[in-house]
Each structure stands twice: as structure tokens, then as C-alpha cells.
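Notes to accompany the following structure.
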Amino acid sequence: VLKETNTPGAGIALVSRDEILFSTGIGLANRASNTEVTSDTMFRAGSISKSFTALAILRLQEAGQLKLEDRVRDLAPQAQFANPWEDTEPIRLMHLLEHTAGFDEISLREFATSRPDSRLEDDINFDPRPRTSRWRPGQFCSYSNADYSLAGYVLEKVSGQTFDDYLA
């Protein structure tokens with residue numbers, strides 16, 4: 001598969017509920033330096049983190065710490081986003097999870113400057129322009145990483161932990 005897709009390398013792990021059963025790396029982590037992938041090689045998680053974010057939010061709801069109907073402005077007042085209909089039709093947590101907040105995709109500039117060691121609050125406030133509702137929340141669905149970065153920030157505010165620590 002790596003050869004067919006021109007993919008330099010991959011990490012493979014088989015896990016059970018409680019433990020890692022098998023872990024290895026194949027191929028190269030860096031072609032220029034000929035560095036091989038190992039079990040410890042870090043890869044960008046990508047969109048699979050949306051599933052973890054949604055599950056974490058649902059756990060917080062089960063624990064009574066928030067509700068999917070909660071207004072995002074109330075949960076994370078420091079977050080920069082705009083919704084012209086906020087007074088009558090606020091962005092609610094469920095809109096972020098459903099991709100129905102009306103947000104654009106994050107900018108390439110925002111995506112490119114995000115670092116693993118940066119704080120989520122800094123990332124979402126770096127360029128708030130994509131987090132402007134283009135329609136009334138809940139009206140249409142449009143896939144957007146901006147929704148889930150804001151949902152991740154809500155998770156941090158409500159849980160009192162960093163996103164990474166809560167998921168761990």
C-alpha cells in the first residue's frame with residue numbers, strides 16, 4: 001500500500017481495550033534523512049480527532065458538566081467568533097459537533113502555523129475570521145475544522161484540562 005500510494009511510511013498498532021498488543025513502524029518518517037518509522041514516531045492525527053472530541057464532549061454531558069444545547073458563548077466567552085444571529089439564534093455546542101455553525105474552513109495560514117506545543121486558545125484566536133457564521137446556526141451543514149477546534153477549546157474550558165490531557 002505504501003508503494004502504491006507513494007506514502008513514505010506508517011505506524012501500525014493493534015490494541016485491546018486495556019493494552020497495546022503489537023506496535024511497529026514501516027517505511028520512512030523522513031525521506032531526506034532516511035529516518036525510519038518506529039513505534040514512537042509521531043504522526044498528525046488529522047480528522048480522526050473529531051471523533052475523540054465528540055466522544056469527550058458527550059462524556060462531559062453524561063457527567064452533567066455541560067449540555068449539547070448550551071450556548072458556546074457561555075461555555076467559552078474568551079473564544080473569538082461572530083454570529084450575526086447570536087441574540088436570537090446562538091451557536092450551540094451541538095452546532096459545532098454537527099458542522100452547522102456556519103463557519104468557513106480554517107485558513108491555510110492558520111493551519112500552517114499551528115504547532116503541537118501551542119495552546120488551543122491561541123490557535124482559535126490566531127485568525128478568528130473563519131469562525132464567522134455565514135447563515136443561521138443549525139440551518140445548513142458545512143464541514144469545517146473551525147467547528148471542532150472551537151469544540152476542543154470548549155472541552156478544555158469545561159473540563160479544566162488541556163485537550164491532550166483530557167483525551168489521555
query: Which members of the range 51-76 meet the condition of being in contact with a strand residue (DSSP E or B) (Cβ under 9 Å, 6 or more places away or on another chain) and open to solvent by less than 90 Å² (accessible area, probe 1.4 Å)?
result: LEU68, ASP70, ARG71, VAL72
- request: Would you check which residues across the range 149-160 are closer than 18 Å to ARG59 by Cβ, crowded, with 23+ Cβ neighbours inside 10 Å and hydroxyl-bearing (Ser, Thr, Tyr) and list them?
  value: TYR153
query: Which residue pairs have Cβ atoms under 8 Å apart, sit 6 or more places apart or on different chains, and have a first residue in the range 17-42 that is more than 25 Å from ALA168 (Cα to Cα) and a second that is open to solvent by 70 Å² or more (accessible area, probe 1.4 Å) and outside any strand (DSSP E or B)?
result: LEU28/ASN34
statement: By residue number, the members of the range 7-23 that are assigned to a strand (DSSP E or B) and hydroxyl-bearing (Ser, Thr, Tyr) are SER23
query: Which of the residues belonging to the range 13-50 are open to solvent by 100 Å² or more (accessible area, probe 1.4 Å) and modelled with pLDDT under 90?
result: MET42, PHE43, ARG44
- request: Within the range 137-144, identify whether any single residue is crowded, with 19+ Cβ neighbours inside 10 Å, in a loop (DSSP other than H, G, I, E, B) and at pLDDT 95 or above, and answer yes or no.
  value: yes
Helices (runs of 4 or more DSSP H) contained in the range 46-133 and holding at least 2 residues under 16 Å from TYR166 (Cα atoms): 48-62, 120-126
query: Residue check: is VAL1 open to solvent by less than 60 Å² (accessible area, probe 1.4 Å) and either modelled with pLDDT under 95 or among the hydrophobic types (A, V, I, L, M, F, W, C) (or both)?
result: no
- request: Starting from the range 139-160, take each residue that is more than 17 Å from PRO128 (Cα to Cα) and list its partners that are surrounded by fewer than 17 Cβ atoms within 10 Å (Cβ to Cβ), counting only C-beta distances under 7 angstrom and pairs at least six apart or across chains.
  value: CYS141/GLU98; GLU156/THR162; VAL158/GLN65
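The values are calculated or read from the model by the stated rules, or taken from the named source; none is laboratory data. Quantities reported herein were computed from a predicted structural model and do not represent experimental measurements. FYI the Cβ positions are ideal-geometry reconstructions off the backbone, even for glycines, and counts take in every protein chain you see. Protein only, heavy atoms only, side chains kept; ligands, DNA and RNA dropped before computing areas. Shrake-Rupley method; radii C 1.70, N 1.55, O 1.52, S 1.80 Å.
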